[in-house]
Structure formats: structure tokens, C-alpha cells
Amino acid sequence: MITGSIVALVTPMFRDNQEVDWDCLKRLVEWHIAQGTNAIVAVGTTGESPTLDVQEHMATIAAIVEDADGRVPVIAGTGANSTREAIEWTHRAQQIGADACLLVTPYYNKPTQEGLYLHHKAIAEAVDIPQILYNVPGRTACDMLPATVARLAEIPNIVGIKEATGDLDRVNQLVSTCPEDFAIYSGDDFTALELILRGGHGDISVTANVAPRLMAEMCRLALAGEVDAAREINNRLIPIHEAMFVESNPIPVKWAVAEMGLMEHAIRLPLTELSAAYHLKVTRALEQADLLSGVQTVNSEFTG
């Protein structure tokens, strides 16, 4: 089972043309491994999956798999609102060498609970790679209820869920109804600590893009039951969690990672760069967590 801090990795791009910066991507993977990140999600929402074409999508997964080189697990984002397309993408990610796949609930077409069950069951039966469900109704307009998750958890290669509602009562339901070896991950940095303390297994995190060491340590302590120490770190992270969502993800986090000197300022339309009105708020959050003081050192490591 994959546990701990799992970064939903941004996809770095060149500012002048918004093409993927492959060298920078490699450096980001190296940095995360050095910082203690436990696993990497390739091309999730934070990685701008909606605006990468299929070739770029698969090339990004392949690059991260190659760069990680087995040192940490790589979870490929392969969800789609077409079951056939999700099967194809999941199969390709398996061929590339991903360790698992993350499959968002079908968005926009709003299937029933039975439709959700049959969609994920079909993918799991077609491709025998470990699969993690991803429930984020705030983006998809589709909510996978705990009873449906419990049904899907009985399928051997459906191994976990990223639950991004932030609803801790729902976490309790998942813990009580799903098998013990079924992983429950937070998809909401604000409530990730509490989710782990209630029986969850980690956090698929936006904040980990800017504070990987802190997120990894917080998750480690929480999983070990060292509650007070975990809360102390989490209190330091709260202003960053807030700053990373002042506008739609990944707008703030990409701006923050660029401000730290780790990549260029670049994001693809229809998303735009962080509004000037929020620059100070994000910068102050980074400063409060002492994440800007090492920018020159980090930048030297990247370019040296």
C-alpha cells in the first residue's frame, strides 16, 4: 500500500510557448524524492490534465516514471468521462510502467451510482494495474457515495480512493465499510491530517508542491500516531493550504512554485496566471513557512 505524502505534481512549462519543460520536470522529480515525498501523481488536475493532449499526457507519465526510476511509486492520472477512453489511457499507463492509476469519476455526463460502479468495474477488469478512485464532486458534478465505494473496494485491483470532499463524516463511513487493506487518501489538504487520524493512509496533495518536506513529515507523524507533533506542523501549513486555493487549482500553486525558483511562470489557457491581487497573500504564506529563504540554494541545485 502506498502511504504518506503523495504530491499531485505540477507540469512545468516554458513561459513563452507553454510547452512542457522536460528538463525542469526531471529536476522537480529529483527534488521531491530528496525532500521525502512518498509518491508522485503524474498528470492529475494539478498537472493540468485537461489541457495536455493525449501524446503530452502519456509522455509526461513516461518521463516521470523514467525520472523516478523506481525510487518512489508513480500514480498516473488516467480518468475520463468515457469508459472506453479511460480503459485505453489506463492500459497505456500500465505499458509505460506506472505503479498505479488514479481515475476521477466521470465528469459532466453525471452517471448514476450504478453507472459509476459499472464504469470503474469495467476499467478494473480490462486493465490489471492497481487503481485508485478519485471523488471530487466540486469539479466533476458527480459524487461517488460511500456505499458505491464499498462495492468497488471488493474488486481486487481497486486499491484505494482519493476522497476530496473534505467531509470527515464520510471518511468515517469509508473506514467502517471498506476492507482494511483499502487505502483512503485525502484530496483536501485542509482536512488531510484529520483524515489520517481517523484511519486514512495519506494525502494526495497540492501543498506538497511547495512544502514537500513539511507535508511528508506531517503525514509520517500522523500515521505513527504522534498527534501533537503532526498538529504542530499542520498549523504551520494552514496558511499555505489557504493560499493554494485563492483561485482555481493549479493557478496559485504554479505561481508559488515559480516564485520559489523551481520553474518558469507558465500555465495554459483557459487558466491564467495568478491575479496580482493575490500575489502578496501567497508570498506571505510562503514566507511564514520559511519556504522562500532557500530559493537561491534550491535554484542553484536545479541549475548547477
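Only one of these is touching a residue at least 24 places away in the same chain (Cβ under 8 Å), over 30 Å from residue 153 (Cα atoms) and assigned to a loop (DSSP other than H, G, I, E, B): 264, 242. Name it.
Working: 242 fails: assigned to a loop (DSSP other than H, G, I, E, B).
Of the residues listed, the single one that is touching a residue at least 24 places away in the same chain (Cβ under 8 Å), over 30 Å from residue 153 (Cα atoms) and assigned to a loop (DSSP other than H, G, I, E, B) is 264.
Name, by its number, the condition in (1) touching a helix residue (DSSP H, G or I) at 6+ places or on another chain (Cβ under 6 Å); (2) among the hydrophobic types (A, V, I, L, M, F, W, C); (3) within 28 Å of residue 12 (Cα to Cα) that does not hold for residue 164.
(1)
In region 72-85, which residue that is small (Gly, Ala, Ser) and closer than 16 Å to residue 56 by Cα is surrounded by the fewest Cβ atoms within 10 Å (Cβ to Cβ)?
Going through the qualifying residues, I end up with 80.
How many residues are touching a helix residue (DSSP H, G or I) at 6+ places or on another chain (Cβ under 7 Å) and surrounded by 18 or more Cβ atoms within 10 Å (Cβ to Cβ) if we restrict to region 86-123?
Residues in region 86-123 being touching a helix residue (DSSP H, G or I) at 6+ places or on another chain (Cβ under 7 Å) and surrounded by 18 or more Cβ atoms within 10 Å (Cβ to Cβ): 17 in total.
Are there any pairs, at least 6 apart or on different chains, whose C-beta atoms fall under 9 Å, with the first in region 93-115 and without any contact (Cβ under 8 Å) to a residue 24 or more places away in the chain and over 13 Å from residue 157 (Cβ atoms) and the second assigned to a loop (DSSP other than H, G, I, E, B) and among the β-branched types (Val, Ile, Thr), and if so, which?
Qualifying pairs under 9 Å: none.
Determine which single condition residue 85 fails, assuming it passes every other condition in (1) farther than 24 Å from residue 212 by Cβ; (2) in contact with a Leu (Cβ under 6 Å, 6 or more places away or on another chain).
Result: residue 85 passes all but (2).
Taking residue 17 and the conditions (1) surrounded by fewer than 20 Cβ atoms within 10 Å (Cβ to Cβ); (2) in a helix (DSSP H, G or I), which numbered condition does it fall short on, given that it satisfies the others?
(2)
Take residue 258 and tell me if it is surrounded by 18 or more Cβ atoms within 10 Å (Cβ to Cβ), out of contact with any Leu (no Cβ under 9 Å at 6 or more places or on another chain), among the small types (Gly, Ala, Ser) and within 16 Å of residue 287 (Cβ to Cβ).
Answer is yes for this residue.
Determine, yes or no, whether residue 163 is modelled with pLDDT of 95 or more and surrounded by fewer than 19 Cβ atoms within 10 Å (Cβ to Cβ). Before the answer, list the steps.
Details: modelled with pLDDT of 95 or more: yes; surrounded by fewer than 19 Cβ atoms within 10 Å (Cβ to Cβ): no.
Against the criterion (modelled with pLDDT of 95 or more and surrounded by fewer than 19 Cβ atoms within 10 Å (Cβ to Cβ)), residue 163 does not qualify.
Among the candidates 211, 222, single out the residue that is under 15 Å from the mean Cα position of the chain (by Cα), modelled with pLDDT of 95 or more and not hydroxyl-bearing (Ser, Thr, Tyr).
Numbers: 222 fails: under 15 Å from the mean Cα position of the chain (by Cα).
Going through 211, 222 in turn, the sole match is 211.
Any idea which residue in region 175-185 is nearest to the chain's Cα centre (by Cα), counting only those that are free of Cβ contacts under 8 Å to residues at least 60 places away in the same chain and either over 18 Å from residue 151 (Cβ atoms) or in a loop (DSSP other than H, G, I, E, B) (or both)?
Residues of region 175-185 that are free of Cβ contacts under 8 Å to residues at least 60 places away in the same chain, as a first pass: 175-180, 182, 184.
From what's left, either over 18 Å from residue 151 (Cβ atoms) or in a loop (DSSP other than H, G, I, E, B) (or both): 178-180, 182.
Working: 178: 22, 179: 23, 180: 22, 182: 18 Å.
Among those that are free of Cβ contacts under 8 Å to residues at least 60 places away in the same chain and either over 18 Å from residue 151 (Cβ atoms) or in a loop (DSSP other than H, G, I, E, B) (or both), it is 182.
What's the total number of residues in region 140-157 that are surrounded by 16 or more Cβ atoms within 10 Å (Cβ to Cβ), within 21 Å of residue 76 (Cα to Cα) and not hydrophobic (A, V, I, L, M, F, W, C)?
1
Every residue in region 1-51 that is among the small types (Gly, Ala, Ser) and either at pLDDT below 95 or under 17 Å from residue 98 (Cα atoms) (or both), please. I'd like the intermediate steps shown before the answer.
Restricting attention to region 1-51, the residues satisfying the condition of being among the small types (Gly, Ala, Ser) are 4-5, 8, 34, 36, 39, 42, 44, 47, 49.
If the condition is that a residue be among the small types (Gly, Ala, Ser) and either at pLDDT below 95 or under 17 Å from residue 98 (Cα atoms) (or both), then 8, 39, 42, 44, 47, 49 are the ones that fit.
Residue by residue through region 186-233, note down the ones that are charged (D, E, K, R) and either in a helix (DSSP H, G or I) or surrounded by fewer than 20 Cβ atoms within 10 Å (Cβ to Cβ) (or both). Break it down into steps so the answer makes sense when it comes.
Initially, region 186-233 is screened for residues charged (D, E, K, R), giving 188-189, 194, 198, 203, 213, 217, 220, 226, 228, 231-232.
Hits for region 186-233 are 189, 194, 198, 213, 217, 220, 226, 228, 231, 232.
Looking only at residues that are of a type in the set (A, V, I, L, M, F, W, C), in a helix (DSSP H, G or I) and in contact with a Phe, Trp or Tyr (Cβ under 9 Å, 6 or more places away or on another chain) in region 151-174, which one is nearest to residue 104 (Cα to Cα)? Steps first, please.
Kept after step one, since they are of a type in the set (A, V, I, L, M, F, W, C), are these residues of region 151-174: 152-153, 155, 158-159, 161, 164, 168, 171, 174.
Keeping just the survivors that are in a helix (DSSP H, G or I) gives 152, 168, 171, 174.
Okay, now just the ones that are also in contact with a Phe, Trp or Tyr (Cβ under 9 Å, 6 or more places away or on another chain), so 152, 174.
Working: 152: 14, 174: 17 Å.
Residue satisfying both the conditions and the ranking: 152.
Starting from region 19-44, keep only residues that are on the phi > 0 side of the Ramachandran plot, then list their pairs with residues that are of a type in the set (Lys, Arg) and assigned to a helix (DSSP H, G or I) whose Cβ atoms are within a distance under 6 Å, requiring at least 6 positions of separation or different chains.
Every condition considered, the pairs that remain are 36/213.
The values are calculated or read from the model by the stated rules, or taken from the named source; none is laboratory data. Since this is a predicted model, take the numbers as computed values, not measurements. Quick reminder, even Gly has a Cβ in these numbers, built from the backbone with ideal geometry, and neighbours come from all protein chains shown.
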